[in-house]
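The values are calculated or read from the model by the stated rules, or taken from the named source; none is laboratory data. All values reported here derive from a predicted model rather than from experimental measurement. Heads up, the Cβs are rebuilt from the backbone with ideal geometry, glycines too, and the neighbour counts pull from every protein chain shown. Accessible surface is based on the protein model in full, side chains and every heavy atom, while ligands, DNA and RNA are left aside. Shrake-Rupley method; radii C 1.70, N 1.55, O 1.52, S 1.80 Å.
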Amino acid sequence: MNLPQFLMLTLLGSTTILYLIVKAAFSYWKYRGILHAPPTIPWGHMRGVGSKRHIADVLRRFYTLYRGQAPFIGFYAWLKPMVLMLDLDAIHQILVVNADHFEDRGLYNNVSTDPLTQNLIQLDGAAWEELHGKTKHLWLKEVILQTYPALMKVRKNFELTLKKEFRRETLTDVSGLIDQFNADVISSLAFGLSDDFEENIAFRVFALNYINIKSRRYFLNIRMPNSLAFICPNWARWMNYRLFQPESTQHFLNLLRGKLKERAKLKSVPYDFLRIWSENRFPCKMNDNEIAGQAFTFIWAGLDACNSIVAFCLYELAFQPKLQEKARKEVRKVLKKYENCKRHEMLNELVYLKQLLNETLRKYPPYPFLLRLTTKDYDLPNTVFALKRGNHIIIPVAAIHNDPDYYENPYQFDPEHFHSSKVKTRPVCAFLPFGMGRRSCIAQHFAMQQLLVGLMTLLNMYRFAPCQNTIAPLRFDNSQFFLQPKPRIQLLMKPT
């Protein structure tokens, strides 16, 4: 056999093996006898996602087509077979009632080579249980409220900056506007940075560049697509894949360790998250990497999400000035009653503002789906359907939030969807912006507190209206798995 023949046979054999592997992968749901749409090789049901379509649109399409036919259908994320949940009762079983069968998310983590993945979002199994046991009591509402004075301090600085930089009517990138507040909240409360102007400006630039898609070539390791780490996390772990570049990891570790050493010499420090984490002794002390992982989560999982939520809310209010004026009236009434914002009880009286934020989270959930991994075989109650150990589950949050069975005129922005009388009539799993159960967003109380304070500050000082650069209807960045406007939202900002 000569060399060309050998190469031809090798290529033919490799192609045949690859074809059989792909065919077997795309036959999983057929062999299980589970309802599913025919997949397209090699994309599965993800064709066009990232370029022509957003993942939220794909999930919404399948949800609409198949809801009512079965509690779930088969779905292929490229070669990865997944369970797409359709029934709210089944979702409640998974998230709450029998959550012990679905406590993992199945996300990539590699603590040994990528220490910033040592956080409550990415960890699974015993590692998650250990870290959750160390931190769950630190996120109770009464603990979070103790950070209120530190949050108000950031708000005051934000207010002074706005007065200085936006004195007259201005065309504004509202996403960038709220970036300033949210980045300062993270630098101050999660990383313990001081009021030093240059220090905070440097941190803000670093944090915003980190989440900027154009800057990710520096901060994110590009030797392997992140989607491949999602599809084959065990293989990626075996390859010692790094989700975050070593330079980024070392920067945050050095920043946190330096701040912890600095604080150890002080007699008193502000009551913030860095203090809460570092002083925790129950059931045992958190190490530096664990603290860094939690602080870093504020940036990569929280910053862009909080920015988008406030931007989407202001966008909707710009087109509905009556709603905006009603919100401003409530804000000013509450601010007048609680002069200087010294008492956290103030936030409880921002009832309409909470309705606005909840409606924004409904229409524009920053993370349009939830992930769970089946850790034990599970038979869905009162059905003939079963979930097998190792099945990855998708819960299509954005599709549920736009279901007319739960929300009248779901594509209309209407804060009355969250009037107390209407909330009581809906199934509990019809609203899942933070998830539900043990693996829900552990920081949701603080996130809502932060969103309320940021939105309150802006509405008190400015009116927002559409301008010639405002895109209507909104378009989303299909390259992102979370909902982010593209282009960024620009509005006319008028001092009140």
**Message:** Among the residues in the range 38-55, are any in contact (Cβ under 8 Å) with a residue 24 or more places away in the chain, open to solvent by less than 80 Å² (accessible area, probe 1.4 Å), aliphatic (A, V, I, L, M) and within 19 Å of F72 (Cβ to Cβ)?
**Reply:** yes
Only one of H392, H419 is open to solvent by 50 Å² or more (accessible area, probe 1.4 Å) and either at pLDDT 95 or above or more than 23 Å from L151 (Cβ to Cβ) (or both), namely H419
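From the list Y66, Y28, Y76, exactly one residue is of a type outside the set (V, I, T) and in contact with a His (Cβ under 6 Å, 6 or more places away or on another chain). Which is it? Walk me through how you get there before you give the answer.
On the way: Y66 fails: in contact with a His (Cβ under 6 Å, 6 or more places away or on another chain); Y28 fails: in contact with a His (Cβ under 6 Å, 6 or more places away or on another chain).
Being of a type outside the set (V, I, T) and in contact with a His (Cβ under 6 Å, 6 or more places away or on another chain) holds for just one of Y66, Y28, Y76, which is Y76.
Going by what's in this entry, would Y63 be described as buried (at least 17 other Cβ atoms within 10 Å of the Cβ) and either more than 22 Å from Q484 (Cβ to Cβ) or not small (G, A, S) (or both)? Let's see the steps before the verdict.
Working: buried (at least 17 other Cβ atoms within 10 Å of the Cβ): yes; either more than 22 Å from Q484 (Cβ to Cβ) or not small (G, A, S) (or both): yes.
In short, yes.
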Requested in this report: Examine the range 58-74 for a residue that is within 30 Å of N289 (Cα to Cα), touching a helix residue (DSSP H, G or I) at 6+ places or on another chain (Cβ under 9 Å) and outside any helix (DSSP H, G or I), and state whether such a residue exists.
Outcome: no
Screening L335, L303 for residues that are over 30 Å from P368 (Cβ atoms) and buried (at least 16 other Cβ atoms within 10 Å of the Cβ) leaves only L335
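For the range 42-64, check the following and say yes or no: at least one residue is among the aliphatic types (A, V, I, L, M) and farther than 15 Å from F369 by Cβ. First the steps, then the outcome.
To start, the set of residues in the range 42-64 that are among the aliphatic types (A, V, I, L, M) comprises 46, 49, 55-56, 58-59.
Remaining after also requiring farther than 15 Å from F369 by Cβ: none.
Looking for residues that are among the aliphatic types (A, V, I, L, M) and farther than 15 Å from F369 by Cβ, one finds none in the range 42-64, hence no.
Of all the helices (runs of 4 or more DSSP H) wholly in the range 282-355, which have at least 3 residues that are touching a residue at least 40 places away in the same chain (Cβ under 8 Å), under 27 Å from the mean Cα position of the chain (by Cα) and within 15 Å of L452 (Cβ to Cβ)? Spell out the reasoning first.
Numbers: elements: 288-297, 304-319, 321-337, 345-348.
In the range 282-355, the matching helices (runs of 4 or more DSSP H) lie at 304-319.
Could you please give the count of residues in the range 114-167 that are assigned to a loop (DSSP other than H, G, I, E, B) and either open to solvent by less than 10 Å² (accessible area, probe 1.4 Å) or closer than 18 Å to I299 by Cα (or both)?
In the first step, residues of the range 114-167 are kept if they are assigned to a loop (DSSP other than H, G, I, E, B); the result is 114, 118-124, 140, 166-167.
When the remaining residues are screened for being either open to solvent by less than 10 Å² (accessible area, probe 1.4 Å) or closer than 18 Å to I299 by Cα (or both), the result is 114, 118-123.
The total comes to 7.
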When (1) without any contact (Cβ under 8 Å) to a residue 40 or more places away in the chain; (2) over 28 Å from the mean Cα position of the chain (by Cα) are applied to D87, the one that fails is (2)
Taking the range 247-281 and keeping residues assigned to a loop (DSSP other than H, G, I, E, B) and more than 26 Å from M152 (Cα to Cα) leaves R281
